[in-house]
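Right, one structure below, let's go through it.
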Amino acid sequence: MISQLTVFLANEKGRLAAACRTLADADINLAALFIADTADFGIVRIFCDRPNRAAAVLAEAGFRASITPVIAVSVADEPGALARLLGFCHEASMNVEYGYCFSVAGGTAVDVLKIEGEGAEEALAAAGFKILAPEEVYVVDED
């Protein structure tokens with residue numbers, strides 16, 4: 001599992017900038033950032049070098065932040081790779097709560113999945129999927 005920093009922000013002008021400034025001022029480096037929004041709020045998902053410290057710093061500054069364990073799977077950056085992964089999850093009766101993907105160097109992509117319940121990581125690895133460790137997704141410099 002990898003640690004994803006999850007931040008809930010009011011959908012107001014400047015809130016994302018303020019959260020990012022808070023992290024920058026604490027010398028926390030962001031490796032990736034993803035946003036899902038509604039009319040009233042946004043959910044920001046972040047990979048950073050010190051997720052536990054980041055959550056604490058944001059909480060001290062009045063933001064709602066938490067650490068969410070997610071699974072990062074390395075796949076070929078080609079058509080059908082995500083479909084194969086999700087097909088396996090479906091066949092194994094895994095409930096994927098949410099997911100997102102990004103390409104990295106070398107013709108690979110990272111598929112990040114939040115899967116309900118226990119044992120998903122082990123089942124994916126046993127089926128031949130490459131599960132990534134935190135240091136393979138972001139630089140780990142945990143306090």
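Just give me the residues in the range 69-81 being crowded, with 16+ Cβ neighbours inside 10 Å and in a strand (DSSP E or B), in sequence order. Let's see the steps before the verdict.
Looking only at the range 69-81, we keep the residues that are crowded, with 16+ Cβ neighbours inside 10 Å, and these are 70-75, 77, 81.
Across the range 69-81, the qualifying residues are Val70, Ile71, Ala72, Val73, Ser74, Val75.
Which condition number does Ser103 fail, the rest of (1) within 30 Å of Cys20 (Cα to Cα); (2) assigned to a loop (DSSP other than H, G, I, E, B) being met?
Only one criterion is unmet by Ser103, namely (2).
Quick check on this structure: which one of Phe34, Phe8, Phe63 is in contact with a Lys or Arg (Cβ under 9 Å, 6 or more places away or on another chain), surrounded by 17 or more Cβ atoms within 10 Å (Cβ to Cβ) and among the aromatic types (Phe, Trp, Tyr)? Give the steps one after another, and end with the answer.
On the way: Phe34 fails: surrounded by 17 or more Cβ atoms within 10 Å (Cβ to Cβ); Phe8 fails: surrounded by 17 or more Cβ atoms within 10 Å (Cβ to Cβ).
Exactly one residue qualifies, and that residue is Phe63.
Filtering the range 89-131 down to residues that are modelled with pLDDT of 95 or more and in contact with a Ser or Thr (Cβ under 7 Å, 6 or more places away or on another chain), which residue is farthest from Ile35 (Cα to Cα)?
Of everything passing the filter in the range 89-131, Lys130 is farthest from Ile35 (Cα to Cα).
Of the residues in the range 48-68, how many are of a type in the set (Gly, Ala, Ser) and assigned to a helix (DSSP H, G or I)?
Applying the first criterion (of a type in the set (Gly, Ala, Ser)) to the range 48-68 yields 54-56, 59, 61-62, 65-66.
Those left that are additionally assigned to a helix (DSSP H, G or I): 54-56, 59.
So the count comes out to 4.
For the range 94-127, which positions are among the hydroxyl-bearing types (Ser, Thr, Tyr) and more than 15 Å from the chain's Cα centre (by Cα)?
Looking only at the range 94-127, we keep the residues that are among the hydroxyl-bearing types (Ser, Thr, Tyr), and these are 98, 100, 103, 108.
Listed by number, the list holds a single entry, Thr108.
From Arg53, Arg64, Arg84, which residue is without any contact (Cβ under 8 Å) to a residue 24 or more places away in the chain, of a type in the set (Lys, Arg) and out of contact with any Ser or Thr (no Cβ under 7 Å at 6 or more places or on another chain)?
Numbers: Arg53 fails: without any contact (Cβ under 8 Å) to a residue 24 or more places away in the chain; Arg64 fails: without any contact (Cβ under 8 Å) to a residue 24 or more places away in the chain.
So the residue among Arg53, Arg64, Arg84 that is without any contact (Cβ under 8 Å) to a residue 24 or more places away in the chain, of a type in the set (Lys, Arg) and out of contact with any Ser or Thr (no Cβ under 7 Å at 6 or more places or on another chain) is Arg84.
Of these, Asp27, Asp40, which one is surrounded by 11 or more Cβ atoms within 10 Å (Cβ to Cβ), farther than 13 Å from Tyr138 by Cβ and acidic (Asp, Glu)? Walk me through how you get there before you give the answer.
Working: Asp40 fails: surrounded by 11 or more Cβ atoms within 10 Å (Cβ to Cβ).
On inspection, the qualifying residue turns out to be Asp27.
Mind listing just one residue for me: the one in the range 132-143 that is surrounded by 14 or more Cβ atoms within 10 Å (Cβ to Cβ) and part of a helix (DSSP H, G or I) and, of those, modelled with the lowest pLDDT?
Residues of the range 132-143 that are surrounded by 14 or more Cβ atoms within 10 Å (Cβ to Cβ), as a first pass: 132, 134, 136-138, 140.
Applying the additional criterion that residues be part of a helix (DSSP H, G or I) yields 134, 136-137.
Values: Pro134: 89, Glu136: 88, Val137: 83.
Here the residue is Val137.
The values are calculated or read from the model by the stated rules, or taken from the named source; none is laboratory data. Note that this is a predicted model, so its numbers are computed, not measured. Virtual Cβ from ideal backbone geometry, glycine too; neighbours counted across all protein chains shown.
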